[in-house]
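The structure appears right after this line, and notes come after that.
The values are calculated or read from the model by the stated rules, or taken from the named source; none is laboratory data. Since we're looking at a predicted model, the values are computed, not measured. Reconstructed Cβ throughout: ideal geometry from the backbone, glycine too, with neighbour counts over all protein chains shown.
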Amino acid sequence: MLNVKNLKVKVADNNELILNGIDLSVKKGEIHAIMGPNGSGKSTFANVLAGKPDYEIVEGEIYFLSNLINELLPDERSHMGLFLAFQYPSEIPGVRSFQMLKASIDAKKEYYKEKKLSVREFAKLYDSKVKEMGMDIELTKRSLNFGFSGGEKKKNEILQLSILDPTLAILDETDSGLDVDALRTVADGVNAMRSVERSFIIVTHYQRILNYIVPDFVHVLVDGKIVKSGTKDLAIDIENNGYEKIISELGS
């Protein structure tokens, strides 16, 4: 599914490495959690996988579905089946969620030279997904994310995930700012999409979301490099003892 080899990355106008040799392999159907202290490079890693142009790959390779994607634009990666849920979803004036998602689906259909959904066909799909997510229908009539609470924005991200139906979903601190009810709703949406053909990378500071979305593997990122990997028990250990224990072990 995804193979990252010795990935070294810097900000485009700076020579300091943010990612310093990441190796990661994600197979079909697996859920991987990326944890680490502030400034460790977690969100940078998520953004680089999605193709955000602010970063420059200095060394290393990213293979997605056996294709080298280092030079691919974000929309090309999206069409291939890669999805990124943002830590801070943007507010887009004048564009409703329905319009944005219809345009996204149309672009993907065009990329694969498939017949586009009619407005009626898409509306039926969209309405069913909104109902599944338990979203307020009135919110969907607003400009994208305008007047949404933090939890509603994250629900909307999972709505997008559900409709776009990606092969690999990267969730960048989707649990940030969520109360318990919103966290459960988001987790339920993710768990409903788990399958042997779809994989997830969950970027998070805290173990709590992993109580609801149980990962197959947990990786700890420190100073731009994965320094420790394990099962969900590693996340529990971090919750109990913090990152200092792991960081201190690096110097011993």
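Candidates are the residues of segment 1-29 that are in a loop (DSSP other than H, G, I, E, B) and surrounded by fewer than 18 Cβ atoms within 10 Å (Cβ to Cβ); the one that is modelled with the lowest pLDDT is 12. Cβ-Cβ distance below 6 Å, separation of 6 or more or different chains: which pairs start in segment 191-219 with a residue that is among the charged types (D, E, K, R) and end on one that is exposed (fewer than 15 other Cβ atoms within 10 Å of the Cβ) and part of a loop (DSSP other than H, G, I, E, B)? Short answer, once both residue conditions are applied: 197/28.
Looking across 146, 200, one residue alone is within 21 Å of residue 51 (Cβ to Cβ) and aromatic (Phe, Trp, Tyr). It is 200. Residue 140 passes every criterion in (1) among the hydroxyl-bearing types (Ser, Thr, Tyr); (2) under 17 Å from the mean Cα position of the chain (by Cα); (3) not in a strand (DSSP E or B) apart from (2). Just one of the numbered conditions (1) charged (D, E, K, R); (2) over 12 Å from the mean Cα position of the chain (by Cα); (3) assigned to a loop (DSSP other than H, G, I, E, B); (4) crowded, with 16+ Cβ neighbours inside 10 Å is not true of residue 175: (2). Scanning segment 178-202 for residues that are within 13 Å of the chain's Cα centre (by Cα) and not aliphatic (A, V, I, L, M), we see that the one that is surrounded by the most Cβ atoms within 10 Å (Cβ to Cβ) is 200.
Note on segment 35-56: residues that are part of a strand (DSSP E or B), closer than 22 Å to residue 67 by Cβ and in contact (Cβ under 8 Å) with a residue 60 or more places away in the chain total 0. Among residues of segment 70-97 that are touching a residue at least 12 places away in the same chain (Cβ under 8 Å) and in a strand (DSSP E or B), those with a beta-carbon under 8 Å from a residue that is aromatic (Phe, Trp, Tyr) and buried (at least 17 other Cβ atoms within 10 Å of the Cβ) at least six positions away or on a different chain give the pairs 82/64. Does residue 160 meet the test of being buried (at least 16 other Cβ atoms within 10 Å of the Cβ) and at pLDDT below 85? Answer is no for this residue.
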